[in-house]
Amino acid sequence: MRVLYLDLDTLRADHLGCYGYHRNTSPNLDWIASEGVRFDGCHCSDAPCLPSRAALMSGRFGIHTGAVGHGGTSAEFRHEGPHRGFSDLHSVACLPNVYKRAGLKTVYIGGFGERHSLWGYYAGFREIHDTGKGGMESAEDVTPTVMDWIQNHAGEDNWYLHVNYWDPHTPYRAPAEFGNPFKNDPLPAWLEQPGAFEATVSAAGPHTAWDVSMYNDRENPRFPRQPGKAVDRVGLRRLIDGYDCGIRYMDGHIGRLLDAFQKAGVLDDLCIIVSADHGENFGELGIYAEHATADPATCRIPMILRWKDGRKGVSDPGLVYNLDLTPTVADLLEVPAHSSWDGTSFAGAVRGDTPAGRDFLVLSQGCHVCQRSVVWGDWLYLRTYHDGFHLFPREMLFNLKDDPQEQSNLAEQHPEVCDKAARLLMDWHDDMMATQPEGFYHDPLRLVMHEGGPFHAQLGALPSYCKRLEATGRGEAATALREKYPAAFK
């Protein structure tokens, strides 16, 4: 058996043709989807980068792994302490280890572990090719290593090749010579509606329309596709086109890999998995060009499985997590499940036995804000513990069917729905705390709060940022931030 995993950073599912996008961003990924099962309700359990991949590789929620942040104690897998055996969980329960137990050689090509020093991410790989730029790789930095590996090893049997591309991640980096195939294409339909985009421009906080570069509008001349602000249609188009060009450029490199596998004579029976660590905000909650919240904008991701003897050209609408992939692969490979996994197999949907799906999902974010949300039916319920300087209310409620861009908070109109969601969240939290690894009694999201808040929302940035808010016509937000975070102004 041969398995290719395309691990594509910062890839919104709804910016792919196979998920209904109106732009031709992904012809090669669309072909893979036509050959397999597309999961429409897949979300990362913990966002963004480090927490998501920690959950993926371990099959466990961040509340159990401890990895929910980008700095401080909660940016690491928990040490197992005195109860650790001769080997730890990384060596026996991680995603690559599932393939090893099935007799496959495990190979990684990319730069993620180096970017975040999440060394447990590399556990289970027998061969690692670090592409050397810690997440600043473009596809042209990754593809030659993959092509060389294909040329030398594709014809061998029983391997798992995990390839990590970064091109949709900020800064949007497709080379200038690639051009812009989308310059005459319309923007996403909701942003073309009168007043919709303009309503997002007044938002305050990091990575909003005036502050795409986090707390300012500075640009890096090395990355001309990435604007510093997007307060008019020119800036907005530059931003959306930059992101979509990153996807299309990466997709072209994926096409080169598929051609190489075809030339090697192994494409026909190659199992292919496509997914991402998280998506990207483009106006949802007023945020642009960042993966900053615990909602579908950040957490909904593609999940496509082209599997030997699996179904082809079908979709499954069920709600699943990225951390469900590890038990799913174990199921497909007939490898025994590990008792530590929080994930649930959706292999039945790949085979056609049973549909995938949970009744609801709980999504978490601890890097830009501290939030948890509940997604179920048509509803998204967001509970904010630290607003990351966005002045979010504690509770928000959105009808995703009518308002997928999260522009109209219905919490006051539907307290009964908020009550139901809060109960689901509380019951989930109770279950998670009751099943904490031995020796751990705290919620790591609370530890983020205890250590000063989200890594990307530091109090020291507020004094100068409030002056910027006043200079850009958002003085009311500056006043509110001074009242809410007085310690920053002492």
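The values are calculated or read from the model by the stated rules, or taken from the named source; none is laboratory data. Since this is a predicted model, take the numbers as computed values, not measurements. Glycine gets a Cβ as well: all are built from the backbone with ideal geometry, and neighbour counts include every protein chain shown.
Let's see how each residue does on (1) farther than 26 Å from L361 by Cβ; (2) crowded, with 24+ Cβ neighbours inside 10 Å; (3) of a type outside the set (D, E, K, R); (4) touching a Cys at 6+ places or on another chain (Cβ under 6 Å):
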residue: Y21; (1), (2), (3), (4): no, no, yes, no
residue: D30; (1), (2), (3), (4): no, no, no, yes
residue: E35; (1), (2), (3), (4): yes, no, no, no
residue: T65; (1), (2), (3), (4): no, yes, yes, no
residue: G69; (1), (2), (3), (4): no, yes, yes, yes
residue: S74; (1), (2), (3), (4): no, yes, yes, no
residue: H83; (1), (2), (3), (4): yes, no, yes, no
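Within the stretch 411-435, take every residue that is buried (at least 16 other Cβ atoms within 10 Å of the Cβ) and within 25 Å of the chain's Cα centre (by Cα) and give me the one that is nearest to L89 (Cα to Cα).
M432
Condition (residue is out of contact with any strand residue (DSSP E or B) (no Cβ under 6 Å at 6 or more places or on another chain), among the acidic types (D, E) and either assigned to a loop (DSSP other than H, G, I, E, B) or under 30 Å from H153 (Cα atoms) (or both)) applied to the stretch 4-11: is it met by at least one residue? Talk me through it step by step, then tell me what you get.
Here is the first cut: in the stretch 4-11, the ones out of contact with any strand residue (DSSP E or B) (no Cβ under 6 Å at 6 or more places or on another chain) are 9-11.
Filter once more, so that each one left must be among the acidic types (D, E): 9.
Subset that is either assigned to a loop (DSSP other than H, G, I, E, B) or under 30 Å from H153 (Cα atoms) (or both): 9.
Within the stretch 4-11, one or more residues are out of contact with any strand residue (DSSP E or B) (no Cβ under 6 Å at 6 or more places or on another chain), among the acidic types (D, E) and either assigned to a loop (DSSP other than H, G, I, E, B) or under 30 Å from H153 (Cα atoms) (or both).
Do any residues in the stretch 124-153 that are within 12 Å of F112 (Cα to Cα) have Cβ atoms under 6 Å from those of residues that are surrounded by 19 or more Cβ atoms within 10 Å (Cβ to Cβ) and among the aliphatic types (A, V, I, L, M), where the two are at least six apart or on different chains, and which pairs are they?
H129/I109; T131/V142
What single numbered condition from (1) among the hydrophobic types (A, V, I, L, M, F, W, C); (2) at pLDDT 95 or above; (3) within 22 Å of A337 (Cβ to Cβ) fails to hold for L89?
For L89, the failing item is (2).
What's the total number of residues in the stretch 111-137 that are surrounded by fewer than 19 Cβ atoms within 10 Å (Cβ to Cβ) and of a type in the set (A, V, I, L, M, F, W, C)?
Count: 3.
Take the residues in the stretch 145-178 that are β-branched (V, I, T) and over 22 Å from the mean Cα position of the chain (by Cα), then tell me which one is farthest from R225 (Cα to Cα).
Among those residues, the one meeting the criterion is I150.
Name the single residue that is modelled with the lowest pLDDT among those in the stretch 101-132 being acidic (D, E) and farther than 17 Å from R2 by Cβ.
It comes out as E114.
Listed residues S364, S408; which is out of contact with any Pro (no Cβ under 6 Å at 6 or more places or on another chain) and buried (at least 17 other Cβ atoms within 10 Å of the Cβ)?
S364
Within the stretch 291-321, work out how many residues are modelled with pLDDT under 95 and buried (at least 21 other Cβ atoms within 10 Å of the Cβ).
Filtering the stretch 291-321 for residues modelled with pLDDT under 95 gives 308-309.
Imposing the further condition that a residue be buried (at least 21 other Cβ atoms within 10 Å of the Cβ) reduces the set to none.
So the count comes out to 0.
Inside the stretch 276-300, can you point out the residues that are over 12 Å from L11 (Cα atoms) and of a type in the set (S, T, Y)?
Y288, T293
Quick one: which of D7, D46, D40 is under 22 Å from the mean Cα position of the chain (by Cα), within 30 Å of P144 (Cβ to Cβ) and not hydroxyl-bearing (S, T, Y)?
D7
Can you tell me which residue in the stretch 232-256 is farthest from the chain's Cα centre (by Cα), limited to those that are of a type in the set (A, V, I, L, M, F, W, C) and crowded, with 20+ Cβ neighbours inside 10 Å?
Ranking the candidates gives L236 first.
Does R482 count as of a type outside the set (V, I, T) and touching a helix residue (DSSP H, G or I) at 6+ places or on another chain (Cβ under 8 Å)? Break it down into steps so the answer makes sense when it comes.
On the way: of a type outside the set (V, I, T): yes; touching a helix residue (DSSP H, G or I) at 6+ places or on another chain (Cβ under 8 Å): yes.
Judged against the criteria, R482 is a match.
Taking only the stretch 437-466 into account, find how many residues are closer than 17 Å to A292 by Cβ and either out of contact with any strand residue (DSSP E or B) (no Cβ under 7 Å at 6 or more places or on another chain) or surrounded by 21 or more Cβ atoms within 10 Å (Cβ to Cβ) (or both).
Within the stretch 437-466, residues that are closer than 17 Å to A292 by Cβ and either out of contact with any strand residue (DSSP E or B) (no Cβ under 7 Å at 6 or more places or on another chain) or surrounded by 21 or more Cβ atoms within 10 Å (Cβ to Cβ) (or both) number 11.
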